[in-house]
Structure formats: structure tokens, C-alpha cells
Amino acid sequence: MNKRKMTSVVLGTVGVLAVLSACSNDEEVINTNNIDGESEGDIEFTLFAADNNPSWNGMDSDVGQVILEETGVSLNASFAINDPAERIALFAAGGEYPDFILPKGDSGILVDAGAMIDLRPLIEEHAPNIQEVYGDYLDRMTWSDEDDAIYFIGTNPVDQQHWTPGSGFWLQHAVVEELGYPEINTVEDFENAIKEYYEMYPEINGQPTIPLSLLADDWRMLISVTNPAFWATGASDDGEWYIDDETREAILHYRRPEEREYFRWLNHMNAEGLLDPETFVQQEDQYMSKISSGRVLGMIDADWSIADAQTALREDGKYERMHGVYPVTLDHSYEHRNFQSTGYLSEWGIGITIDNPDPVRAIKFLDWMASEEAQILNNWGIEGEHYEVAEDGNRYLTDDQREERLSDSSFNERTGIGVYLAYGPHYGDGVLDSTGQPFTINTQETLIEDYTEKEKEVLEAYGANIWADLYPAADEFPVKPWGAGWEINWRSDSPIAIPFQRAQDIMMTRIPEAILADPEDFDHVYDRFMDELDDIGVENMEAEFTELVRQRVELWGED
């Protein structure tokens, strides 16, 4: 998801946001401090991103103003409110596009519509920083074995070192502390801890305690309700697919018998009164508000999804009501593959459209964003205000500066730090700049320093220094030669396209129905779910996607 992963096509409705293209004109004020040091006028590029950016404040932030001063470029961004696929389809149907676009899993629609510029010649001529950051990873951005164009450059952090689990089962520190730090390895362990604490404390701060809450608001249902089914049953994240390590055969992951049993457990949690009854009707802001109140004992979600709520709890000093993350599986026969490596995921990224008024200026802007200067700015902020430089030339944060980042929920929006990273090439945690200093503020040491004392106590009780210590390590699994299934696109006229959307529609109805059914009706509902998938030709669709997986492996030369 990084920040941030979601499946390529999901349900929902999108509020219509205006996307206005703008460019410089002869009357604009000349900026002498732009990308090439040339006297060019300021320019505003429009941008659409499939992922929302709640900290976005245009260029009206400390970092935003420096970017504008240095490049002469401002970004006028809009985001998908619900279903990004619908918004992308509207662009393609109308034939009018924003200047930059980050479509994520729907990029094939835009390429088929002829909306995207081949970035390869622009990169070769104008973008040395981009070439430096990506290196050989640029080859992974080749569109297909039939089309060697680069339409999108990856915006995932390059060579990222992963020290924090992206997904897992979240449990309040107060729960495990009260119960003497029980093992939290299986869904039974997780359930027992929640149930026992809930019986002891039916109210928290005068409000009803919520044992377990999930987020099923539109596409977010995938992250909190359906994706955990593959995590809990020993599979890795391939979006809506399960791909066999050996054969490369792909199926819709919820067709696996193991996952039926995971959803049966959620059905049981609902029947026991342990699942938030508002799970399938609450909106994201309601979910976040509940967690921020400190009365939600457990969640099953991605770290980026609940990050703001954790910050709010910390801001309020409710340290015991913050949550730890545990590698829970259906039973002891499975291993949680959160840290299985995909290699660099390059295909979901930013592209320049045919409506961009100045593609050369646009690629030069992205190249500046890839520069050391820009990456330090976007990660650290402004020297003397957001970070300091020691006598030996090394960057550091004071205690107050670090705590401000951890406890001020408006910090990113106000300062712009981290806000623009998603829209350009950049290195990840653990990568060093030309002076031998890390590009980001994150190291394993600072990660531990940033924990609250309560969090350190909990980790120590479990014999761990960081949460990743509780999970199986990356080297326990093979590197996935296809990257990730959710990053593999298909053409809009592919035999996959229509059945996949129909499968999504069916899943969005039947999974909640199965979870909320009386336990004796669960199998009947799930059998109907499987039958309806058969009726739309799911096996043919899976065979087509299997072929795309094998083509990806061959294109990347990973076999």
C-alpha cells in the first residue's frame, strides 16, 4: 500500500468531481527557480489518483510551497471517493483526461483507449534521476510482451525494507495486559481474548464496548473482510486471486475451501454477539470514530487503514487503548505470509496522458521529484523547522519534532511531509542517500523509539522488539516471480473483464449474507455463492488469468 493495496475493480458509486486542465499562459509570473533553472512560467497540472489522500491540501503547505518554488509546478488533484473503476471508465468514455493519472488496477482501460503517452523516450532523454532510482526495475514497467512502451512508472517505494506488518489482527494493549499476555496465534486465541475481556468490561469510558469491528464501506470491504481470509489461511496478497506457488494456476481466492472456514468463523463471531452489528452498514468515518474512542477491542485490517485512528488515540493519551498487530491464522497449520516478498511492484504508478499540455515539463517534474533534494524534502521537511542537522552533517529529529509527527493528526496536511511521495519515484525505508544517510526518517532503531511505553511493555512481554518479530520472516518464503496478482492487468475486451466484474458483484452480496446468516444457514448461502460463480464461467476466467500470470513471469524473466 504500501500506503497503501486494493483490488483492481470494486463496487461503489463515485461522487463526480471536476477535473479541470490548466496550463501556463503568457501573462503568468515568471519563475526563475524551476526545474532546469530556465525562465519558464509556472504551470498547473491536473492529477487524478485512484487512492484518496486525506492529507492533501494542494500546494498550500510548507513542502508544497518549496516544490512550487523549485519547479514552478503545482498540482490540482482530485481523488476517487468510492469506486475508482467507475471514474476511470468515465475518463475513457469521454476521451478527456487529467494531465497526470494514477489509475492503479484500471490502467488497461486507459491504455486501450489510447489515453497514455509512452514515457520511455521521455525518460531516456529528460529523466536521469528516474533512471537512477529505478535502475533495472524500469524493465518491469514494460507494458507487455507485445508492447514495450512504459505507460506508468511505479510509485511504490524502491528497495523498501519492511519492518512493520502491513496486515493482521489488531488487539488493544489493555486486553492482552489484563489477560496476562496470552498467545494470540489463531482465530480461537483472538476470539477468546476478546470475549473474556468483553465480559469483564462491557463498557469503556461510559460507552458500550465493541468486541470486534470490521470496515465494509464500499471497496474497503476487501481490505477488512475478504483479504484477511487469505492471510489467515496461509496465502499471500494477490488481490482477488490465489496463485499456486508451483503451478502458477490462479483461482478466485474465496473459492478455496480453507477460506470458507474463515468466513464460517466470522459467522460464528456474529452469532456470538462479538461482531459489531454495524459492520456492514457503517461508513469509514464512523468506523474510525469508534476506534478513536478507545472502545473497539479488535479489528482485522491493514495498518494504513487504521493509522489515523491510532494517532488519535495516542494524541488523547489513551495508550492502553491503542492496538498491537498479531499474525493470526485459522489454525496452527498455516503461516501468515505478510512479509513474503513480491520483488519491486512497478506497474501501479503515475502516467502522463495525451491531454497533458507539456509532457516534457511533466517528465522533468517527475524527475525532480526523484532527485535527492526532493526526496529529502518530502520525507524530512524543511531544515530548522521539521528537522535539524548535526555538526557532522547528519539529519536528525528532536524529541519534540518526532513526537509532533506521531501525535498530531494534522501534521502531514499542515506541513506537506509525506503527502507528495505517492506521485513520483522515491526510495523506501533503509535506502541511503549519497552522503550515507537514510532517505526516510525510519530505521529499526527509530521505530522502537517511536513506540509508546505501553507498546514497548507489550512487545517485551511477547519476547519481541518490533511487531514484525511476531511474524514469519520474508526469507521463510520464496520471492513471488509474478509480483502480485492485483497488479496484473487485462485488456478491456479480455474474456476476464465482464465475468470478473460479475464475480465482484456476487461476492459483495454473498459474503456479508453468509457472515450474517444463522449458523445453520451458512453452508446454504456459501454453496449458492459458489454456484453463482460457476454460472458466470468462473473457471474459464481463472484459466485466462492463469495465462496472464505465466506471461508476466516470462516477461520479467523470473523463471
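Each value in this text was obtained by applying a stated rule to the coordinates, not by laboratory testing. These numbers come from a predicted model, not from an experiment. So basically every Cβ, Gly included, is an ideal-geometry build from the backbone, and we count neighbours across all protein chains shown.
Placing one identical point scatterer on every Cα of region 38-116 and ignoring solvent, what is log10 I(q)/I(0) from the Debye formula at q = 0.23 Å⁻¹? Log10 I(q)/I(0), no solvent term: -1.03. Note that region 72-200, at 37 °C in a medium of 0.692 mPa s, gets a Stokes-Einstein diffusion coefficient of 170 µm²/s from its Kirkwood radius over C-alpha pairs. A Förster radius of 25 Å, combined with the Cβ-Cβ distance separating Gln207 from Ala307, puts the computed FRET efficiency at roughly 0.65.
Shape analysis of region 267-363 yields a ratio of the Cα radius of gyration to the Kirkwood radius, Rg/Rh, of 1.14. Per the Debye formula on identical point scatterers at the alpha carbon atoms of region 456-551, with no solvent, log10 I(q)/I(0) at q = 0.14, 0.25 Å⁻¹ is -0.80, -1.18. Magnitude of the charge dipole for the chain, about its Cα centre and with charges confined to Cβ atoms of Lys, Arg (+1) and Asp, Glu (-1), is about 760 debye. Put simply, when 120-133, 440-453 are sorted by average Cβ atoms within 10 angstrom per residue, most first, you get 120-133, 440-453.
In the chain, the DSSP beta bridges split such that about 60 percent are antiparallel, to the nearest 5. Taking a quarter of the surface of the Cα convex hull of region 221-295 gives a mean projected area of 5.8 nm². Taking 0.36 nm per residue of separation and subtracting the Cα-Cα distance, full extension of the segment from Ala474 to Asn52 would add 149.0 nm.
For the pair region 251-302 / region 497-538, the C-alpha centres are spaced 17 Å from each other. The Rg/Rh ratio of region 138-281, with both radii computed over alpha carbons and Rh defined as the Kirkwood radius, is 1.07.
Here the translational diffusion coefficient of region 307-377 follows from Stokes-Einstein with Rh set to the Kirkwood radius across Cα pairs; for 20 °C and 1.002 mPa s it amounts to 122 µm²/s.
Using the average count of surrounding beta-carbon atoms within 10 Å as a protection proxy, the listed peptides 360-370, 235-245, 501-511 rank, highest first, as 360-370, 235-245, 501-511. Given axes a ≥ b ≥ c from the Cα gyration tensor, I'd like to know whether region 333-489 is rounded (a/c under 1.5), prolate (a/b larger than b/c) or oblate. It comes out oblate by the Cα gyration axes. Which value in Å does the Kirkwood hydrodynamic radius of the chain take, with 1/r averaged over all unlike C-alpha pairs and then inverted? Value: 24.7 Å, from the Cα pair sum. Rounded to whole Å, the principal axis extents of the Cα atoms in region 464-507 read 49, 25, 12, largest first. The residue among Ala174, Thr155, Tyr198 whose Cα reaches farthest toward the positive pole of the charge dipole of region 150-202, with charges on the beta-carbon of Lys, Arg, Asp and Glu, is Thr155.
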